[in-house]
Amino acid sequence: MSQPATHHNKAAAAFLKNGQRAQWHDETLWFVRAKRDKAAHQIPEWEALRNLGSQIKEHTLSNLDEYLLQFEANAKKNGIKVHWANNAAEHNQIVYEILLHHNAVNVVKSKSMLTEECGLNHYLTERKISVVDTDLGEYIVQLRNEPPSHIVLPAIHLKKEDVSNTFHKHLHTEKNNQDPVYLTRAARQVLRKKFITADAAITGVNFAVAETGGIVVCTNEGNADLGVHANKVHIACMGFEKIIPRAQDLSVFLRLLARSATGQPITTYSSHFHRPKAGQEMHIVLVNNGRTEQLGREAFRNSLKCIRCAACFNTCPVYRRSGGHSYHNSVAGPIGSILAPNLDMRKNADLPFASTLCGSCTNVCPVKINIHEQLWSWRQVLMAEGYGGAAKKTSMKLMTGVLSKPAIYRLSAGMARFFMRYLPFLVNNRLNPWYKQRDMPSVPKESFKDWYKKNRNHE
Amino acid sequence: MKVGLFIPCYVDQFYPQVAVATLELLERYGCEVHYPLKQTCCGQPMANSGFASMAGGCDKNFIANFSGYEYIVCPSGSCALHIKEHLHSAEEPNEAAAIRERIYELTEFITDVLKLEGVKASFPHKVGLHVSCHGQRMLHLSSMSEKVEKSFSKAEALLGTVDGLELFRTSRADECCGFGGTFCVTEEAVSVSMGNTRIKEHLANGVHYITGGDMSCLMHLEGLLKRQKIDIKVIHLAEILNAQ
Ligand code: SF4
C-alpha cells in the first residue's frame, strides 16, 4: 500500500540520521519563523497587506503579457537592452553571448535563484568563464560545490565549523577558527578583489516595475550594488513573475518581503536600477522557462504570485527536518514542491507528497498562495498521469472497493485486521514503516459498530 | 435535534470508546443521535494519496447514509473537513451540497450549534492539548500563530470548564505532529521526528495526558509514546468532556 520510496523521503531520512544537526537545523529556522511572527504582529494591518499583495499579483497575472511588454518598452526607453528567453537554455545562451561580446571572463553575481534554476554557473564555467557568487552564503556553498539549500539563507544547512573547514581548505584561514567575524572578513577580502577585477556583474531581480521600466534588487549585504557599480556590464536576470504594475506597489511588497523572510522591517539594501550609468551597458533577460505553462494550469497559476521570501520554508516542519537538498530542485520547500512538477513531473512527482498538508505555509505566505491546496491538487494530477505506479493504483482500487461497499465492509470478519493491512497509515506489510518506531494501536474487543448494535440500535 | 453521527473508520475499529463518549455527550446535551450502520470511510486516505478520483464510491455511500440529517457530527477535524471540502456527486449534487453544509466537527458543534459555554465534567489531571492542523487552520477552531488575529480556542474554552483539569500549552503550540495520513508511512523518518518534538514539549510540561480533537494525530503520538515507554496517555477530547 505504501508509495514507492521516493527521493525526498530517502534524502530526508539520511538528513535525520544526524539527529543533533537536524535538531539544530529545525531550531535555527524556527527562530527565523518566530522573528517573522514578531515582525508581522507589529503591523496591525498585516492581513490587509497580504490581501493587497495577493490582489496586485492576481491582477498582474491576469494581464501578464501587457505588463511585460510595457516593462520592455519603458526599459528600452531608459536605455536598457531587453532580451526574452523561452527556457533555461536560451537564457544561458543570451547571457553567454553578452559576456562574449564584451570579452568578459570574470563575472561577479549576486544571489539569483533564477540563474540557479537555469544552471547558469555550470554553463558558463564549462565555457571558461569564471562566475563568483558574492552573497556570503552563496559563496560558501559555491566553494563547496553544493547548490543552495534555501532561497534566502543558502547555506543554512551548514554550521560554523563547516564554514570554518571550507574556508580553511579554500581560503587558507586558520584551522578551527570559527569566529564569524574572522571568517566573514576573510571572505570579504577575497570578494572585494573579485568585484574590482571582474568584467561584468549579474544580478537577480526582486521586482520589475512595468510603469517605470526599472528593477529593484533586495540584499542584506549590498553585494549587488558593489558588483553593478564596479563593472561596465550589468546583466539582470528575471522570471516573468517578477513584474509588478506600478512603482507604488513596491510599498506593499517591500513591507511584506523582508518581514516574511527574516523578520526585518526592510532589507538592508533595496537597490533601484533604472538605467545604465554613463559608460555602462545594462541588460535585462526576461525568462519564461515554464511560467506561461504554469499560468495555464488553473489550479497552479497562483503559485506565480510567489515573491520568494521563503517564509513557507521556515514554517514548514517537513522542510526544517529534511533540509533543502532533499527537495532536489533549485527552489525547495513547500512552494518549490509546487513549482518543480511543472518543470518535470516525472522527476518531481515525489515532492507534493513531502508535506502533511498542515497548512502553515498557506497562512504564512505574504501573497496568500493556497500552497497546501495546490500540493493536494498536484497529488491528484500526478496520480492521474500515472506517476504513482501500477501497484499503488491497484491497491488503492482494492481498498476503495471495500470501503465503498458497506456489505462487504461489514461482512469482512476481523475488520480491525483489514485496517491493519490496508489503511495506508497503518500499513502492515513486510517493511511496515509505521511499526519501525511506533507501536500499533491495540485492537479492542468490539468495534463501535458492534457496541452500538447492542446498546442503541434505532434501525 | 436529530444528529447523524459520523465515526471515522479507524475510530470505529481501534478507538470505540471515543465514539461512545461522543454519542453519550451529544445525548446528554439533548440531541437525538443516530449512527447510520452502513457508513464506512470518508475517502480521505485515498484523496490525500492523490486518488480522489476513486473516492466516488465512498462519496456515494456517505450520501446514502447521511442524507436528511439536520446535523452531522464527527469527532475528527480532518474527516469532517474532507467531507466539507471534497464530498461530491454528479448524480445527487443537492444532497452532497446539503451534507457539506451540515457537517460539524465535535467541538465546533458544541460551541457554535449547541452554544454550550461549558460542560459538566470532571477530569482532575494535568493535560496537554494537541492542536490538530485541519481543525485549527481549515475549520478555524482556534486562532493560528501565523496570522495576525484575535486569539481564541474552542477546545481550550471547553476544557477550561472541566473540573480539576489543569491545561498546559506547548511552546510551538500549533505545530503539526507529523501524522498527515499516508505521510506517516511514506515519510516515516520525518513523521516520527515531528511527533517526537511534540512529545518533548509535552514532557517538559509534565502532563499525564495529551488530548485533542483528532484521534489520528493522537494515534500517531500514542504509537511513539508506547514504543518509548513514556508514561503519558492520549485521550480524545470527547472522553474528557464526557468524564464524570
Ligand atoms: S510561496 Fe509565499 S511564503 Fe513561500 S516563498 Fe513564495 S511568497 Fe514566500
Estimated FRET transfer efficiency when R0 is 30 angstrom, pair A:Glu298-A:Glu97 (beta carbons, to 0.05): 0.25
Cys with no candidate disulfide partner in chain A (beta-carbon separation under 4.7 Å rule): A:Cys118, A:Cys218, A:Cys237, A:Cys306, A:Cys309, A:Cys316, A:Cys365
1.4 Å probe, heavy atoms, protein only - residues of region B:50-69 losing at least 40 Å² accessible area vs chain alone: B:Gly50, B:Phe51, B:Met54
Accessible surface of region A:1-149, 1.4 Å probe, proportion on carbon and sulfur as whole %: 52 percent
Loop-resident sites, region A:20-89, for GluC sites (Glu not before Pro), counting at most 11 other Cβ within 10 Å (DSSP): A:Glu45
Pairwise centroid distance, computed over Cα atoms, of region A:315-360 with region B:1-19, Å: 34 Å
Two-site label geometry, A:Glu211 and A:Gln248: point separation in nm, points 7 Å out along Cα→Cβ: 0.6 nm
A:Lys128 paired with B:Glu149, simple spin-label distance in nm, labels 7 Å along Cα-to-beta-carbon: 6.1 nm
List A:Val107, B:Val148, ordered by accessible area with a 1.4 Å probe, largest first: B:Val148, A:Val107
Local electrostatic count, B:Met138, Cβ distance below 11 Å [Lys/Arg +1, Asp/Glu -1]: -1
Over region A:147-281, relative contact order from alpha-carbon pairs under 8 Å, at least 6 apart, %: 22 percent
Centre separation in Å (Cα based) which lies between region B:68-134 and region A:252-277: 43 Å
Area hidden from solvent between B and A (accessible, protein heavy atoms only, 1.4 Å, total, Å²): 7100 Å²
Scattering profile of region B:122-244 at q = 0.11 Å⁻¹ [log10 I(q)/I(0), Debye over alpha-carbon scatterers]: -0.35
Value of [θ]222 nm, deg cm²/dmol, for chain B, DSSP H segments ≥ 4, -39500 (n - 2.57) each, nearest 500: -12000 deg cm²/dmol
Cα centroid separation, region A:109-136 to region A:292-313 (Å): 24 Å
Protein accessible area in region A:151-262, 1.4 Å probe - carbon and sulfur %: 51 percent
Label point 7 Å beyond Cα of B:Gln228 along Cβ direction - residues of region B:183-220 with amide nitrogen under 11 Å: B:192-204
Per residue, in Å², the accessible surface of region B:97-244 once ligands and nucleic acids are set aside, probe 1.4 Å: 35 Å²
Exposed GluC sites (Glu not before Pro) absent - longest run of chain B, DSSP non-H/G/I/E/B, at most 15 other C-beta within 10 Å: B:150-244
Loop-located GluC sites (Glu not before Pro) in region A:239-336, at most 11 other Cβ atoms within 10 Å (DSSP): A:Glu298
DSSP H segments from chain A that extend 27 Å or more along their own axis, Cα-based, with Kyte-Doolittle mean of -1.0 or above: none
Within 10 Å of each Cβ in A:444-455, the average number of Cβ atoms from other chains: 5
Accessible heavy-atom area order of B:Thr197, B:Thr22, highest first, probe of 1.4 Å: B:Thr197, B:Thr22
Accessible surface of B:Asp112 - all protein chains present, 1.4 Å probe, nearest 10 Å²: 60 Å²
Surface share of carbon and sulfur [accessible, 1.4 angstrom probe, percent] for region B:24-136: 47 percent
Surface accessible to a 1.4 Å probe, per residue, for the residues of region A:228-300, Å²: 38 Å²
Occluded residues from region A:346-384, i.e. those whose accessible area drops by 20 Å² or more once the chain is not alone (1.4 Å probe): A:Phe353, A:Thr356, A:Leu357, A:Cys358, A:Ser360, A:Asn363, A:His372, A:Trp376, A:Arg379, A:Gln380, A:Met383
Residue-normalised accessible area of region A:44-182, given per residue in Å² at a 1.4 Å probe: 47 Å²
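The values are calculated or read from the model by the stated rules, or taken from the named source; none is laboratory data. Keep in mind the model is a prediction, meaning the values are calculated, not measured. In this analysis, Cβ positions are derived from the backbone assuming ideal geometry, glycine residues included, and neighbour counts consider all displayed protein chains. Accessible surface is based on the protein model in full, side chains and every heavy atom, while ligands, DNA and RNA are left aside. Shrake-Rupley method; radii C 1.70, N 1.55, O 1.52, S 1.80 Å.
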